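Here the structure comes first, spelled out in structure tokens, and everything after it is commentary.
The values are calculated or read from the model by the stated rules, or taken from the named source; none is laboratory data. Keep in mind the model is a prediction, meaning the values are calculated, not measured. Quick reminder, even Gly has a Cβ in these numbers, built from the backbone with ideal geometry, and neighbours come from all protein chains shown. With ligands, DNA and RNA removed, areas are computed over all heavy atoms of the protein, side chains included. Shrake-Rupley method; radii C 1.70, N 1.55, O 1.52, S 1.80 Å.
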Amino acid sequence: MAIQSPPLTFTDSDNSSVIQYIDNPHLLTQLPNDPSTTALRLLSTNLETLFNCEVCSDGTISAASSISSSPRKIPIHKCILASRSPFFKELFGGGDTEKGKKDDYEMRELGKEVVVWYESLLVVLGYLYTGRVGSLPGGGICVCADTDCAHVACRPAIDFQIEALYTSSVFQISELVSLFQRHLLDVMDKVAEDDILMIFSVAHICGIGCEKLRSKCEEMVLNSMIDSVTIEKILPAEIANQIIHTRSVCKSQLLSLPEENSKIDIYSLPNKHIRRIHRALDSDDVELVRMLLKESPSTSLDDACALHYAVAHCDSKITNELLDLGLANVNHRNARGYSVLHVAAVRREPDFIASLLAKGALPSDVTSDGRKAIQISRRLTKILDYNRPMEEGMQAHNDRLCVEILENAETSHPILGEGALSLANAGDDIRSRLLYLETRVGMARLLFPKEAKIAMGLANVEGTMELALYNDNQDPAVDDLNDTPFKINQERLTRMSALSKTVEFAKRYFRRCAKVLDELMMDNDTIAFRGTETSEEKQQRKKRYQELQDVFSKAFFEDKRENDLSSISSSCSSSSSLGHRNSKIARR
Ligand SMILES: [Zn+2]
């Protein structure tokens, strides 16, 4: 996909900033040549030579990076930072560091309310050294995956501005806070409605220096089509209450304006009964939801927009339980005109999207302003993450998976029930079919952990026997996979059907992974039992199977350990070496 270039410089609508905008270094030489300007320019250039440089540094600040899987460190010089920022002056003021010992700080400890990435931190620290704010970070960090976007106010562009604003506020650099605030104010009319609440929350955290941005957000939220329940859930209580109160005053005026009637539902808070259903969902109690529906049959789950609520605010387990009740229309629209799938796209969690699609949500549905879920998803996804090569064994990025699932759902509609057909075709060879499926799903877990988890979740499959073998050699379900007699019981048939469904879902939503596994499994068909075989063939098959088990065993335990470590960041790799380990299987 071609990357459309965003505007690379910061705008400054009222030109009142004391900061020089130098997006083009050649401009430096064209500045007025009076002695004081020359001296300042020289000072800035000299200090720049120390920026992000280890020479004379006496500490580091690290932050998660969009580009690498591990956090990156920026060398700092405490004297420079302390002279430029009251925050650092106080932080370093203790001065009890041993001589020669460097202090390492983590950005997530310095500013705890908002996640700040390395690339944003670099721009703010760069300003402290040079007095200049350069160009936006490149490499697709501030550009979304929608080719029709100008990348001025899409989520990646806004995220950078918000992080830079918050970091400037934490470091108490007032002129930089005004700069980023003004830049955001300039693009607010282009920002997606769903992003306003996030900007509002950060402006609120930044406090008095961000009053203008805060007021603008308040005005926009007040008049937006964002429902009052969402406002109440996301914004701090005192702001939410104020907005809901103002809306309730406006509501009486709306009654006399027929063209504004659609806003009445949005402006209102739901009735007591619907509130109780929402509270039951908040406490993960679907049984209570069922009882409440019995108690008041006139209120349906759709009246309560219960699926919208669960997808926006609850975890995937409760959403799936609600879907399994079969009492809610998966394509129901809320007062704003959003389907449940649109809300799931905003949530940016691939398992919600996959669950809804599997239950029949229509990817082609559009919002009242004409956007499909895929468009919402692309505007939220950095092109960097969208184009990132997917390495086997690595945890895929959530945003990328959301886009991938929706893209695949738009272009293909395989018939459900392939699993059942495969089961029928297995005939007498059920043992080898089961082994094939266990091996395939087991491999998927190692090579594509997040995708496999989603597909297994959709089919209600927990764990794979391949891997269970290493945890419990006594497992009666698997210990005779290679030796007769093999009992075909209901448990095994149910398991086979669930595994088939897993493979089916994976083929539908993760074609990229399915293709790799197809090739791998074709290569490994030596493990399949063919009904009649010589004892030599049987020995060979057992040997090959044992080899595969060994590889799985090693890979699984190493990967599990690394997975636990890297679960902090969704974009982190679970194991960079796993792809290599498993490529051994592929080459056979
Ligand atoms: Zn964009």
### Query
Quick one: ranking S57, S368 by accessible area, 1.4 Å probe, largest first, what do you get?
S368, S57
### Area accessible to solvent at K212, 1.4 Å probe radius, in Å²
140
### Summary
Whole-Hz Karplus couplings 3J(HN,Hα) for region 135-144, θ = phi - 60° and coefficients 6.51, -1.76, 1.60, Gly and Pro as x, run 8, 5, x, x, x, x, 7, 9, 10, 8
#### Entry: Residues with amide H under 5 Å from that of D103, placed H, sequence gap 5 or more
G59, T60
### Message
Quick query: amide H of N329 versus all other amide H atoms, modeled in the peptide plane; which residues come in under 5 Å with a sequence gap of 5 or more or a different chain?
### Response
D302
### Message
Relative contact order for region 170-328: what percent, with Cα pairs under 8 Å and sequence separation of 6 or more?
### Response
15
### Gyration tensor over alpha-carbon atoms, region 263-370, equivalent ellipsoid semi-axes in Å
21, 17, 12
### Task
Compare D265, D103 by solvent-accessible area with a 1.4 Å probe and give them largest first, with all protein chains kept in place.
D265, D103
### Task
Please state the charge dipole magnitude for region 241-304, taken about the Cα centre, from unit charges on C-beta atoms (+1 on K and R, -1 on D and E), reported in debye and rounded to the nearest 20.
260
#### Entry: Under the Karplus curve 6.51 cos²θ - 1.76 cosθ + 1.60, θ = phi - 60°, whole-Hz ³J(HN,Hα) for region 341-349, x wherever Gly or Pro sits
5, 4, 5, 5, 5, 5, 5, 6, 10
### Message
Taking the Cα centre as origin and putting +1 on Lys and Arg beta-carbons and -1 on Asp and Glu beta-carbons, what dipole magnitude results for region 272-411, to the nearest 20 debye?
### Response
560
### Anisotropy class of region 326-369 from Cα gyration tensor, a/c 1.5 cut
oblate
